[in-house]
Amino acid sequence: MKNLKINKSNRALMMIWENTYISLDALYTDSMGYETWAESELESMDSKMNQLGLKIVKKLSKSLTIYYGYDFFELKKNPKRLCPNCKQPMNPLQCAKYPTIVCEKCLIACHLLPEDWDF
């Protein structure tokens, strides 16, 4: 990321998002009674963290090819592979190292679990 030309304002937003994500992830894995709440914040596209992430990606997409990585995509819960944000069908990202589906409208990318690889 050091070689990318990202202005200070966007870098600051990225640091805020990263710190929030790290904190929520720690609560999610902590087993101290906050797991359910933290999971809902990580999973909900309406949470402040995910809304900030989408805002950052939208800003950066003007000069970079970038997607917001969404880790809570489960094919069992979403067999039609609909975007967690706009509920439109997602498409395979052909250049990804691992099977990934994307929503070009929302700029969201979801890695598929190995058991869901079919392309």
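So, in segment 1-30, of the ones that are loosely packed, with under 15 Cβ neighbours inside 10 Å and of a type in the set (Ser, Thr, Tyr), which residue ends up nearest to Lys62 (Cα to Cα)? Going through the qualifying residues, I end up with Ser9.
In the condition set (1) in contact (Cβ under 8 Å) with a residue 24 or more places away in the chain; (2) farther than 22 Å from Cys103 by Cα; (3) in a helix (DSSP H, G or I), Leu52 is compliant with all but (2). Residue count for segment 77-93 under the criterion of being surrounded by fewer than 17 Cβ atoms within 10 Å (Cβ to Cβ) and within 14 Å of Tyr67 (Cα to Cα): the result is 2.
When segment 1-46 is filtered for residues that are on the phi < 0 side of the Ramachandran plot, out of contact with any helix residue (DSSP H, G or I) (no Cβ under 7 Å at 6 or more places or on another chain) and of a type in the set (S, T, N, Q), the ones remaining, listed by number, are Asn3, Asn7, Ser9, Asn19, Ser23, Thr29, Thr36, Ser40. Among the residues of segment 31-39, is there at least one that is among the small types (Gly, Ala, Ser), modelled with pLDDT under 90, loosely packed, with under 14 Cβ neighbours inside 10 Å and more than 22 Å from Glu104 (Cα to Cα)? Yes, because at least one residue in segment 31-39 is among the small types (Gly, Ala, Ser), modelled with pLDDT under 90, loosely packed, with under 14 Cβ neighbours inside 10 Å and more than 22 Å from Glu104 (Cα to Cα).
Under the condition of being among the basic types (Lys, Arg), over 28 Å from Lys77 (Cα atoms) and in a helix (DSSP H, G or I), the residues counted in segment 1-49 number 2. Among the residues of segment 75-88, some residue qualifies, meaning at least one is more than 13 Å from the chain's Cα centre (by Cα) and not in a loop (DSSP other than H, G, I, E, B).
Residue by residue through segment 40-79, note down the ones that are among the polar types (S, T, N, Q) and at pLDDT 95 or above. Passing the criteria: Ser47, Asn50, Gln51. State whether the residues of segment 89-107 include one that is of a type in the set (Asp, Glu), closer than 23 Å to Ile22 by Cβ and not in a helix (DSSP H, G or I). Among the residues of segment 89-107, not one is of a type in the set (Asp, Glu), closer than 23 Å to Ile22 by Cβ and not in a helix (DSSP H, G or I), which makes the answer no.
The values are calculated or read from the model by the stated rules, or taken from the named source; none is laboratory data. Just so we're clear, the structure is a prediction, and the values are computed from it rather than from any experiment. Cβ: placed from backbone, ideal geometry, glycine included. Neighbour counts: every protein chain shown.
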